[in-house]
Amino acid sequence: MHPYGLDPDSLDRPVFSATIRPHQSLSRRGFRVVMTGVCLVSLVVSVESWRRGFWPIAGFFGLDMLGIYLALKASFRRGSSFEEVMITQIEILLARVSHRGERREWRFNPLWTKIVSVDDEEFGLQRLSLVSRRLEVVVARDAAPEQRAEIADGLSKALAEVKKGR
């Protein structure tokens, strides 16, 4: 331990570090199952409609299939984005990396930063923010409420530890 308090070597060592990924309700296997089911329903209804003389329905089902496929693929692409939160004795770093690889960073002084959360009795933790001076940045915005609550707990403990001066 340094005679005047903090060890200079420990200032850059993380007190808290987390990588937050968006909540994904559908796995790759689930995607295949959903698309197979939708394709089968579309095929059966399209063939039967064609046989009865309602041939335009098959084209509309094809467009529906394309729309569902594109929407699910876009959802998976967005699922590759993530957030990194790191708290050291001298800094809080929040980095958000989009699915395109674009990185945006915010840096806060941990002594002047507080955590603000919006909690709902029925749905859990809805919003978690880091606030310093007039800057407010949402953390774990795409995470599930349970994961957001875990992050909030970890952030709170780490900030309390840093503010104590350990």
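So which of Leu43, Leu63, Leu72 is farther than 30 Å from Leu159 by Cα and either exposed (fewer than 13 other Cβ atoms within 10 Å of the Cβ) or assigned by TED's automatic domain parsing to the domain that holds Ala152 (or both)?
Details: Leu43 fails: either exposed (fewer than 13 other Cβ atoms within 10 Å of the Cβ) or assigned by TED's automatic domain parsing to the domain that holds Ala152 (or both); Leu72 fails: either exposed (fewer than 13 other Cβ atoms within 10 Å of the Cβ) or assigned by TED's automatic domain parsing to the domain that holds Ala152 (or both).
The conditions single out Leu63.
Residues of the stretch 95-114 being over 14 Å from Val138 (Cβ atoms), assigned to a strand (DSSP E or B) and of a type in the set (A, V, I, L, M), which ones?
Answer for the stretch 95-114, where residues must be over 14 Å from Val138 (Cβ atoms), assigned to a strand (DSSP E or B) and of a type in the set (A, V, I, L, M): just Val97.
Within the stretch 141-166, can you find the residues that are assigned to a helix (DSSP H, G or I) and among the aliphatic types (A, V, I, L, M)?
Ala149, Ile151, Ala152, Leu155, Ala158, Leu159, Ala160, Val162
Looking only at the stretch 75-93, filter to residues that are among the charged types (D, E, K, R) and part of a strand (DSSP E or B); which one of those is surrounded by the most Cβ atoms within 10 Å (Cβ to Cβ)?
Only one residue fits best here, namely Glu83.
In this structure, does Leu111 turn out to be of a type in the set (A, V, I, L, M, F, W, C), more than 30 Å from Leu26 (Cβ to Cβ) and in contact with a helix residue (DSSP H, G or I) (Cβ under 7 Å, 6 or more places away or on another chain)? Quick ask: steps written out before the conclusion?
Values: of a type in the set (A, V, I, L, M, F, W, C): yes; more than 30 Å from Leu26 (Cβ to Cβ): yes; in contact with a helix residue (DSSP H, G or I) (Cβ under 7 Å, 6 or more places away or on another chain): yes.
Judged against the criteria, Leu111 is a match.
With the condition kept exactly as written, say whether any residue in the stretch 58-70 is of a type in the set (D, E, K, R) and part of a loop (DSSP other than H, G, I, E, B). Give the derivation first.
Here is the first cut: in the stretch 58-70, the residues of a type in the set (D, E, K, R) are 64.
Among the residues that remain, those that are also part of a loop (DSSP other than H, G, I, E, B) are: none.
The answer is no, given that none of the residues of the stretch 58-70 is of a type in the set (D, E, K, R) and part of a loop (DSSP other than H, G, I, E, B).
Among residues belonging to the stretch 140-149 that are among the hydrophobic types (A, V, I, L, M, F, W, C) and closer than 17 Å to Ser81 by Cβ, point out the one that is modelled with the highest pLDDT.
Start the filter on the stretch 140-149 by keeping residues that are among the hydrophobic types (A, V, I, L, M, F, W, C), which leaves 140, 143-144, 149.
This time we only want the ones that are closer than 17 Å to Ser81 by Cβ, so: 140, 143-144.
Values: Ala140: 90, Ala143: 86, Ala144: 84.
Here the residue is Ala140.
Checking Arg96 against (1) touching a strand residue (DSSP E or B) at 6+ places or on another chain (Cβ under 6 Å); (2) loosely packed, with under 14 Cβ neighbours inside 10 Å; (3) among the basic types (Lys, Arg): exactly one of these is not met. Which one?
Condition (2) is where Arg96 drops out.
Residues being buried (at least 18 other Cβ atoms within 10 Å of the Cβ) and modelled with pLDDT under 90: count how many of those fall in the stretch 111-139.
Of the residues in the stretch 111-139, 1 are buried (at least 18 other Cβ atoms within 10 Å of the Cβ) and modelled with pLDDT under 90.
Hey, could you check the stretch 142-165 for residues that are among the basic types (Lys, Arg) and in contact (Cβ under 8 Å) with a residue 24 or more places away in the chain and say which is surrounded by the most Cβ atoms within 10 Å (Cβ to Cβ)?
Filtering the stretch 142-165 down to residues among the basic types (Lys, Arg) leaves 148, 157, 163-164.
Filter once more, so that each one left must be in contact (Cβ under 8 Å) with a residue 24 or more places away in the chain: 148, 157, 163.
Details: Arg148: 23, Lys157: 13, Lys163: 12.
If we take residues in the stretch 142-165 being among the basic types (Lys, Arg) and in contact (Cβ under 8 Å) with a residue 24 or more places away in the chain, then Arg148 is surrounded by the most Cβ atoms within 10 Å (Cβ to Cβ).
The values are calculated or read from the model by the stated rules, or taken from the named source; none is laboratory data. Nothing here was measured: the structure is a model prediction, and the numbers come from that model. Every residue, glycine as well, gets a Cβ built from its backbone with ideal geometry; the counts of neighbours run over all protein chains shown.
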